Structure formats: C-alpha cells, structure tokens
Amino acid sequence: GDSVTQMEGPVTLSEEAFLTINCTYTATGYPSLFWYVQYPGEGLQLLLKATKADDKGSNKGFEATYRKETTSFHLEKGSVQVSDSAVYFCALFSTGGGNKLTFGTGTQLKVEL
Amino acid sequence: NAGVMQNPRHLVRRRGQEARLRCSPMKGHSHVYWYRQLPEEGLKFMVYLQKENIIDESGMPKERFSAEFPKEGPSILRIQQVVRGDSAAYFCASSPTAGANNEQFFGPGTRLTVL
C-alpha cells in the first residue's frame, strides 16, 4: 500500500539557517505529492505540491522537487524565520490508493532567534 | 468565503459516552473527508463522503464509528461508547470535486479527550 516516510523531529534551527526536511514515499501508479503545514492550534494548510516527476513546487520561499528515481520529495528553504515554526507533513495522493491523502508522521520545526 | 468549519474545537467525554463531531465544508464543496491524528502520529484517512453517500470508509474502525453527510447540514462523525484510545484530533477536509488536482481544504480539527 501507499506510505510516506519523513524525518523525525523536532528540528531546531536558528533564524536564517537552511532547512531540509526529508520525505520519501512508496505508492502505486504515479502519485501527486504535497507538503502541508500545521501551525499550533490550527488545521493543515497546503504549502506546495507537485503532480509529476521533476516538477518543483514552491511557495513562501519553500521548495520541493518530485524525484521519481529516488521516490523523494524533500522540503527546503534557504533562510528560515521564527514564523516558520510549525509541523510539516509530507503527503501523497495516488490514483491506486483511493480518493484520499496518505500522510507522513510530521516533522516539528522550531526556529529560534 | 469561510473555510471548513468544525465544532466543537475541543470535546471531553467519559468512557462509554457518545461523541458527535461536526464538519461544515467550504461553500460549493460536495466532497468531505475525515482524518484522525493520534498523538505523535500523522493523519490517517478514515472516510470519504459525497452528499448523502459514503464513497470510501476503508479507514473507519468496524465498530462504534459512523459518518454521514446529509443533503442539508454538516457532515457528522459519530463515535459511540468512546474509549480512551479514541482520544485524538479529528480533522475534516473538503474539496469541490475528487482527484489529485483538487486541493483538500482542512478544518481546524476537533480535539477529543476521553477520560
């Protein structure tokens, strides 16, 4: 079945540091890949997505590239801010997996001054 | 345009009681999804509904859990005879149509605590 594996947190960084959160997946067919962000006490918000191999999703300075050969979708940001502190979820949607998202366990990011 | 609404935001129940969680999708959205987030885990799919129909309930526990999305009114996730293991955050999402290119918009969640 479909599955998503992402690095465990928490990840603690200083402001302006470079961020990488690793995500790999297993899926039937050709999945679409997503990063969602959850701020404290709130629901999930879509951060970015990519629907086919080699696509790059980007938003608010975050980027992730769909790598079919390594089945990965790592999230990166060149310079994090305190306001980026949140939990980040990698997710996939595959046509063979039903009309639902399959999520990783989430990675908590803490950015300090 | 209001987002996905869920209520209550927090719900406390004693073992054996019933829990009813409500979800109002975004305006114009006829597809609703329920996910559960257990402590220290990611979100797990429970059920997918369209108006008046359950399309996929492969993630729902076989007993005590039910869901509906009536023609009028919110979608309801109902948990009968709650147990401590039901304590979790329950998220509802909605989309205008089905498929990967139709973003699922999430509500703020209902945090259920079973004493």
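Pick out, in residue order, every one of the GluC sites (Glu not before Pro) in the stretch A:36-89 that is DSSP loop and has at most 11 other C-beta atoms within 10 Å; say none if there are none.
Numbers: sites: A:Glu42, A:Glu63, A:Glu69, A:Glu76; in loops: A:Glu42, A:Glu69.
Counting only loop positions with at most 11 other Cβ atoms within 10 Å, the GluC sites (Glu not before Pro) in the stretch A:36-89 are A:Glu69.
Test of understanding: express the Cα radius of gyration of the protein assembly as shown as a ratio to 2.2 N^0.38 Å, with N the residue count.
Numbers: Rg = 17.6 Å, N = 228, 2.2 N^0.38 = 17.3 Å.
Dividing the Cα radius of gyration by 2.2 N^0.38 Å gives 1.01.
Please enumerate, by chain and number, the lysines with C-alpha under 17 Å from the C-alpha of B:Lys51, excluding those fewer than 8 residues away in the same chain.
Output for B:Lys51: A:Lys100, B:Lys27, B:Lys71.
Only bridges whose two residues both fall in the protein assembly as shown count here: according to DSSP, what percent of them are antiparallel, nearest 5? Could you put the intermediate results ahead of the total?
Details: 68 of 76 bridges.
Taking every DSSP beta bridge within the protein assembly as shown, about 90 percent pair in antiparallel fashion.
In whole Å, largest first, what are the principal axis extents of the Cα atoms in chain B?
Over chain B, Cα extents along the principal axes are 38, 26, 23 Å.
Work through the residues other than B:Arg15 whose Cβ is under 14 Å from its Cβ and net out their charges, Lys, Arg +1 and Asp, Glu -1.
+2
Once you list every other residue whose beta carbon is under 13 Å from the beta carbon of B:Gln80, what net charge do they have if Lys and Arg are +1 and Asp and Glu are -1? Numbers along the way, then the final one.
On the way: positive: B:Arg13, B:Arg15, B:Arg20, B:Lys62, B:Arg64, B:Arg78; negative: B:Glu18, B:Glu63, B:Asp86.
Value of the local net charge: +3.
List the aspartates and glutamates whose Cα sits under 15 Å from the Cα of A:Lys56, skipping any in the same chain fewer than 8 residues away.
Partners within reach: A:Glu69, A:Glu76.
Just to verify a number: FRET efficiency for B:Arg111 and B:Ile76, C-beta to C-beta distance, R0 = 22 Å, to 0.05? The partial results should precede the final answer.
Values: r = 17 Å, r/R0 = 0.78.
My answer for the efficiency is 0.80.
From the phi angles alone, apply the Karplus equation (6.51, -1.76, 1.60; θ = phi - 60°) to the stretch B:11-28 and give each ³J(HN,Hα) in whole Hz, x where the residue is Gly or Pro.
Per-residue couplings from phi come out as 9, 10, 9, 8, 3, x, 7, 9, 10, 10, 10, 10, 9, 9, x, 5, 4, x Hz.
So how do B:His31, B:His10, A:His74 line up by other beta-carbon neighbours within 10 Å, fewest first? Numbers along the way, then the final one.
Details: B:His31 21, B:His10 11, A:His74 18.
Arranged by neighbour count, lowest to highest, B:His31, B:His10, A:His74 become B:His10, A:His74, B:His31.
In the neighborhood of B:Thr113, defined by Cβ-to-Cβ distances under 11 Å, what is the net charge if each Lys or Arg adds +1 and each Asp or Glu adds -1? Don't jump to the answer; show the numbers that get you there.
Working: positive: B:Arg13, B:Arg14, B:Arg84, B:Arg111; negative: B:Asp86.
So the environment of B:Thr113 carries a net charge of +3.
Any idea what the relative contact order of chain A is, in percent, if you count C-alpha pairs under 8 Å spaced at least 6 apart? Intermediate values should be presented prior to the final figure.
Values: 304 pairs, mean separation 42.6, N = 113.
That works out to 38 percent.
Gap in Å between the Cα centre of the stretch B:38-57 and the Cα centre of the stretch A:29-74?
21
Less than 17 Å apart at the alpha-carbon level, and either on another chain or at least 8 residues along: which aspartates and glutamates does that give for A:Lys68?
Cross-link targets: A:Asp2, A:Asp54, A:Asp55.
If you project the alpha carbons of chain A onto their three principal axes, what span does each projection cover, largest first, in Å?
Principal extents (largest minus smallest coordinate, Cα): 44, 28, 21 Å.
Extending each Cα 7 Å along its Cβ direction at B:Ile54 and A:Thr70, get the distance between those two points in nm, one decimal.
Rounded to a tenth, the inter-label distance reads 4.2 nm.
Quick note: the coordinates plus some simple rules give every number you see, no bench work behind them. This one's a predicted model, so the numbers in the text were calculated from it and none came from an experiment. When we count neighbours, we look across all protein chains shown, and the Cβ atoms used for this are built from the backbone with ideal geometry, even at glycine.
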